[in-house]
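I have placed the structure first, in the form of structure tokens, so that the comments after it can refer back to it.
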């Protein structure tokens, strides 16, 4: 069995060899860092779908999600499931730079406010699905308000009592 040790190197190779790549799923990648994400988006500017869910080594404080949003304007589906570091700045950069966004999964973040989600929903007119399950700042009342304001978007909210 092949064991991949350096996902930053793999991201660099993908970036260099796959300029026309439109979809990439590196879900549960255990050791990709902001360096790998920077390499990836520098070469794969046509990415429309990117799954970074459960990539626990990616931290918003490094600026990796802001960099990604600024360099992937064609992004339609973005999954950062279970990354507790995603914050308002990341959401606002997606709103400002990714107008074609249709699906966003930020399940489990603690640092995204209703205000940044409102900006996202106002800017991304094609948004169809927003998963805010287990997002501690987004309660049922907020989801209901946003659903009334943006009826074509399915806002998924799961939580534990």
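Taking the conditions exactly as written (more than 12 Å from the chain's Cα centre (by Cα), farther than 27 Å from residue 6 by Cβ, surrounded by fewer than 22 Cβ atoms within 10 Å (Cβ to Cβ) and free of Cβ contacts under 8 Å to residues at least 24 places away in the same chain), does residue 144 satisfy them or not?
On the way: more than 12 Å from the chain's Cα centre (by Cα): yes; farther than 27 Å from residue 6 by Cβ: yes; surrounded by fewer than 22 Cβ atoms within 10 Å (Cβ to Cβ): yes; free of Cβ contacts under 8 Å to residues at least 24 places away in the same chain: yes.
Against the criterion (more than 12 Å from the chain's Cα centre (by Cα), farther than 27 Å from residue 6 by Cβ, surrounded by fewer than 22 Cβ atoms within 10 Å (Cβ to Cβ) and free of Cβ contacts under 8 Å to residues at least 24 places away in the same chain), residue 144 qualifies.
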Considering only strands (runs of 3 or more DSSP E) fully contained in segment 57-161, which possess at least 2 residues that are under 25 Å from residue 20 (Cα atoms), touching a strand residue (DSSP E or B) at 6+ places or on another chain (Cβ under 9 Å) and modelled with pLDDT of 95 or more?
77-79, 103-105
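Considering each of 66, 80, 86 in turn, give the residue that is more than 20 Å from residue 158 (Cβ to Cβ) and in contact with a helix residue (DSSP H, G or I) (Cβ under 8 Å, 6 or more places away or on another chain).
On the way: 80 fails: more than 20 Å from residue 158 (Cβ to Cβ); 86 fails: more than 20 Å from residue 158 (Cβ to Cβ).
Unique residue meeting the criteria: 66.
The values are calculated or read from the model by the stated rules, or taken from the named source; none is laboratory data. Model, not experiment: these values are computed from the prediction. Here Cβ is always computed from backbone atoms with ideal geometry, including for glycine, and neighbour counts include all displayed protein chains.
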